[in-house]
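Data first, discussion second: the structure below is written as structure tokens.
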Amino acid sequence: MIWNSAEERPSILLVDDEEEILVALTDLLEDQYDILSTTDPLHALEILRAHPDIATIISDQRMPGLTGDQLLAKARTFSDARSILLTGYADLDAVVSALNQGQVQAYVHKPWDSDALRPLVGEVTQHCLAQRALRTEQALLRGLMEALPIGLVFSDAQGRCIRSNVRNRAEVAGEDELTHYPQQLRSRIREMREEVARQGHDEQIVAEEIPDVHGKGGVQTRWHEVTRLALAWPQGAPSSEAWQVCMDRDVTGRVLMESRLRQADKLQSLGTLAGGIAHDFNNLLAAISGSLELLEDVTDFDETGRNLLKNAVDSAQRGAVLTRRLLQFGRPREARLAPVKIDGLLHDLRDLLAQSLKRRDGGAGKEKLACALCVKDMPENVPDIWSDPDQLEMALLNLCVNARDAMPHGGHVTIEARVVPQRMKDLPVQCSSSVAVALDVIDQGEGMSPEVMKRIFDPFFTTKEVGRGTGLGLSGVYGFVNRSYGEVLVESTPGKGTRMTLVLPAALQSAPPAVNPRKIEERSGANPTQAQKILVVDDEDPVRLVTEGFLKLEGHDVAGASSLEEALARVDERGAFDVAVIDVRMPGHDGVACAEALRQILPTLKILFVSGHTGDVLARGLADALPKPFTQESLRLALARLD
């Protein structure tokens, strides 16, 4: 090591019982070194402890109290300083004995030759500083290798391990480096080693592999980012003989996050597409289904006609369900979220879920029980969850249907709830930051392969035969859970069944008491308490005519308008109205603007919004709006809730 500045000047300790010797040595060396000196060898040990940076000790041999070799032997126990022994001995054997006992690097006869002593001191000092620098580099490298969050393996050209920080391997010099990697990665590591040997020092190879790691929870997929390059060592060796370093990073978290982001992008794109067509499509469905319902009320059909009518109504309803599922992808995250009592929800859903487990007998055309439903009792400590109750019902229904279809020969579908630690971040203030509620839907079905599990949440992906699945059920569940600040976990083994787990945040506040729908039905039964004067505002003539028809069958006095101007004209013609049923999305003045204008002249007017675009409804805060298409019964109940 070469030093060039005053800050880098090495320190030297001079020890001799003769002051004249110390002065002479100081004069000789002080231009290159920081000099510390003493005539007492015991004091020299104290100086050495106080100045661990001392690089060289120059000591006399014959001193009272402690000889030079004894001093240097004691110094070696706590200092790495190099040493030079000054001696006037003529007996060579005595000098060798002193050198060995003190582990001295060099000795100088008194009187010394200044031209020889100066370079000797420089060489000994430089050797000490070089050793210290080497130990520092070794400590830094060792600390770096131990602290790195990646697997690091140095190997020679033949693939023999030189150094490794892989935790589960005892470092054995000369062992095959492949033993430091999972079995599934070894063939690729061997190929990369050969590629690096061919390409040379300036190239590196990055690859991602997917080995299967067997853990407590079954087979898990781990992603590895492997980078390999050749070192410029040994010096002058061709690339084929150069050492190599291989860096193995576990990037499972990053890959999963990228997968979630891609999934979210897919759902957002689908939501945008669905939202663009939903309004017109729902208007068409509203006109079709409403007209069919009115036709059933005003016409007598024979059995064939009734079957055809029922088939048309069922098809329109399936189209409405499909549209609602598509619209779920574009809904805001906070849509309709509220505390939900899971025990009450499961109790109310039990009959519907059990019904979903029935399968139609292809021969007899009748439904038969395909699977048994088991809803386990809720633990006492299960809190309310923060979710959308309607979408949660749809999610559980979807999971039960999938469980049924996975068990063609029958079996049990089990639903249970449990409290788990909360793992999600950035939760709303209404949610607990410490606990969440896990809802498990467990079947005894065929299970899924890892390849299928990767795609089950993709929109339109399905393994069911044509006509039995749209591929929107699980993607809809994924979108709903994501909007509810939760996550979906899947455990499945081919031939051993599947566990689908919805993890939803616990609500800090309790859910309000449930409203009995029967009271609403009683209040708005077939014979309403009184007829009302109702204004229907909708720019779609077919939908408006259906809405007017439903209301007239209920005995109301109804007037229709296709715009705000027509609505104001109806008020001028017929006076005040009790209720206005207004479409949200209309050209010119939308539903909200129409409602505000009408309430300026009719302050007590009750408003019921209807819309075929759920995203618009939720974005405007119209939580009680009636979605299109709707039935006569749903319209009647919606009007009753306005009271």
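The values are calculated or read from the model by the stated rules, or taken from the named source; none is laboratory data. Since we're looking at a predicted model, the values are computed, not measured. Cβ coordinates were reconstructed from backbone atoms using ideal geometry, including for glycine residues, and neighbour counts include every protein chain displayed. Heavy atoms of the whole protein, side chains included, go into the accessibility calculation; ligands, DNA and RNA do not. Shrake-Rupley method; radii C 1.70, N 1.55, O 1.52, S 1.80 Å.
Summary of values
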read-out	value
Qualifying position, being part of a helix (DSSP H, G or I) and in contact with a strand residue (DSSP E or B) (Cβ under 8 Å, 6 or more places away or on another chain), among 121, 166	121
Any pair with Cβ under 7 angstrom, 6 or more apart, that starts in region 237-265 at a residue that is within 30 Å of residue 488 (Cβ to Cβ) and ends at one that is in a helix (DSSP H, G or I) and at pLDDT 80 or above	263/478; 264/482
Those residues of region 390-420 which are part of a strand (DSSP E or B), over 19 Å from residue 510 (Cα atoms) and open to solvent by 20 Å² or more (accessible area, probe 1.4 Å), in sequence order	412, 414, 416
Hits in region 536-581 - residues which are of a type in the set (Gly, Ala, Ser), in a helix (DSSP H, G or I) and buried (at least 18 other Cβ atoms within 10 Å of the Cβ)	549, 567
Residues of region 610-624 that turn out to be under 21 Å from residue 541 (Cβ atoms), at pLDDT below 85 and either part of a loop (DSSP other than H, G, I, E, B) or touching a Ser or Thr at 6+ places or on another chain (Cβ under 9 Å) (or both), as a count	2
Unique residue being at pLDDT 85 or above, open to solvent by 50 Å² or more (accessible area, probe 1.4 Å) and hydrophobic (A, V, I, L, M, F, W, C) when the list is 526, 514, 531	531
Identity of the residue in region 421-454, within 17 Å of the chain's Cα centre (by Cα) and open to solvent by 90 Å² or more (accessible area, probe 1.4 Å), that ends up farthest from residue 386 (Cα to Cα)	454
Identity of the residue in region 470-485, at pLDDT below 85 and of a type in the set (A, V, I, L, M), that ends up nearest to residue 502 (Cα to Cα)	477
All positions within region 38-72 that are touching a strand residue (DSSP E or B) at 6+ places or on another chain (Cβ under 7 Å) and open to solvent by 60 Å² or more (accessible area, probe 1.4 Å)	51, 53
From the options 583, 578, 557, residue that is under 23 Å from residue 280 (Cβ atoms) and among the acidic types (Asp, Glu)	583
Test: residue in region 592-609 that is part of a helix (DSSP H, G or I), closer than 30 Å to residue 388 by Cβ, modelled with pLDDT under 90 and open to solvent by less than 10 Å² (accessible area, probe 1.4 Å)	no
